[in-house]
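Visitor: The structure under discussion is supplied below as structure tokens; questions concerning it will follow.
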Amino acid sequence: MTKAPVTIVEVGLRDGLQILDRVMPTAGKLRWLEAEHRAGVCRFEVASFVPPKLLPQMADAAEVVAGARKLPGVIVHTLAPNLKGATAALNAGSDVIVLPLSASEAHSRANIRKTREESVEELARVCRARDEGGHKTRIDAGISTAFGCTIQGEVPEDEVVRLCEACLEAGADRVALADTVGYADPAQVRRLYKRVKDIAGDRLQSAHFHDTRGLGLANCLAVLDIGIREFDASLGGLGGCPHAPGASGNVATEDLAFMLEAMGFDTGIDLDALIEAQRLLATLLPGQTLHGKIAAAGLPKHFHRSTVHA
């Protein structure tokens, strides 16, 4: 019986490190990449192309992209908030560029200093630049604060659907919804994903959940049940948005991989090697709290990766 594949995109090198009050050296980032790659992870969001004075943690973005591209089979994702950043990401050789657009008007102004309409216009410019330059890079519209905002509060679902539709019309290859501040619950997640899937179809394939309030894995399960097969996660549960007060903690890569494998899905990840990568991360970030449960508890004695559940 063939196991259904599910893809995990490791976003810790970007989302995990951007919130910290320290800068991990490039050599450390590449060691982290190599360790997870040995565990079978093939997709990494490795950096943001933003001004170093704003996010010094991302000053070496092009170098990290170059290092990631040397690893066989790795698909490199990066984040770029505008045309300038996207141009740098294209030139660096990104396979996928995520352009963040916020469903919350207040967060949009705080995070990228644009209205939502201006963000859609910027997305259209990025897509045109990609096409005119002959790049094969995929452009994703990452819809942040799709389930609520610590600045604005409630984000109407109609506004999320409208923004997704505008992004697709502007030329985005895909849209993805992000629970940036960990407000979402499984019922809300399932309902909104179904609404967006009605307009986006196969152009909605991934999800980005934070575990701020302990519902990250439950929210992953909610969209897994309706056919989503790509998930962002961060080793050790690192993560957060500098411009969303109270945002913390992505779903931990190791916990998500364990849940999926235990359920009978194929992530392509060696969990023992992934736990070793998490232990390496602890040495690269001494004193930093890591939140993954499976690395601390260990795999169950009866767990076998090859097991397929009916």
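The values are calculated or read from the model by the stated rules, or taken from the named source; none is laboratory data. In this text, all values refer to a predicted model and were calculated from it rather than measured experimentally. Protein only, heavy atoms only, side chains kept; ligands, DNA and RNA dropped before computing areas. Shrake-Rupley method; radii C 1.70, N 1.55, O 1.52, S 1.80 Å.
Visitor: Which value in Å does the Kirkwood hydrodynamic radius of the chain take, with 1/r averaged over all unlike C-alpha pairs and then inverted? Could you put the intermediate results ahead of the total?
Guide: Details: mean 1/r = 0.0521 Å⁻¹.
Result for the chain, one decimal place: 19.2 Å.
Visitor: Lysine pairs, Cα distance under 21 Å, 8 or more residues apart or cross-chain: how many in the chain? Can you show the working numbers first?
Guide: Details: 29/53; 29/70; 53/84; 53/114; 70/136; 84/114; 84/136; 293/301.
Lysine pairs meeting the criterion: 8.
Visitor: Return the tail of the calculated pair distribution for segment 209-301, meaning the percent of Cα-Cα pairs more than 15 Å apart. Could the numbers behind the result be given before it?
Guide: Working: 2555 of 4278 pairs.
When all Cα pairs of segment 209-301 are counted, 60 percent exceed 15 Å.
Visitor: Please compute the per residue accessible area over the chain with all protein chains in place, 1.4 Å probe, rounded to a whole number of Å².
Guide: Details: 12750 Å² over 310 residues.
Result: 41 Å² of accessible area for each residue.
Visitor: Per residue and in cubic angstrom, what volume does the convex hull of the Cα atoms of segment 5-122 have? Could the numbers behind the result be given before it?
Guide: On the way: hull volume 13.4 nm³, N = 118.
Output value, Cα hull per residue: 113 Å³.
Visitor: Can you work out the Karplus-derived ³J(HN,Hα) for every residue in segment 105-119? Use 6.51 cos²θ - 1.76 cosθ + 1.60 with θ = phi - 60°, whole Hz, and x for glycine or proline.
Guide: Result, ordered by residue: 4, 5, 5, 4, 5, 6, 7, 10, 6, 9, 6, 5, 5, 5, 5 Hz.
Visitor: Using a 1.4 angstrom probe on heavy atoms only, work out the carbon and sulfur share of the accessible area of the chain in %. List each step's numbers first, then the result.
Guide: Working: 6600 of 12750 Å².
Roughly 52 percent of what the probe reaches on the chain is carbon or sulfur.
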